[in-house]
Amino acid sequence: MDRHADDLAAVTEALDLRKAIHVGHSTGGGDVARYIAFFAFFKS
């Protein structure tokens with residue numbers, strides 16, 4: 001599952017998305033939570 005957060009971070013960075021809202025359903029919710037925990041928190 002951490003790989004999905006890595007992929008989300010890579011896409012977000014490649015597309016230079018800023019102030020994006022990430023939403024996930026079911027397993028995707030966990031992926032978004034991992035992304036926020038591992039990547040988004042440290043970028044602010």
(message) I need a count of the residues in the range 26-44 that are outside any helix (DSSP H, G or I) and modelled with pLDDT under 90.
(response) 1
(request) Mind counting the residues in the range 4-25 that are among the hydrophobic types (A, V, I, L, M, F, W, C), part of a helix (DSSP H, G or I) and without any contact (Cβ under 8 Å) to a residue 24 or more places away in the chain? (result) 3
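The values are calculated or read from the model by the stated rules, or taken from the named source; none is laboratory data. This one's a predicted model, so the numbers in the text were calculated from it and none came from an experiment. Neighbour counts run over all protein chains shown; Cβ positions are idealised from the backbone, glycine included.
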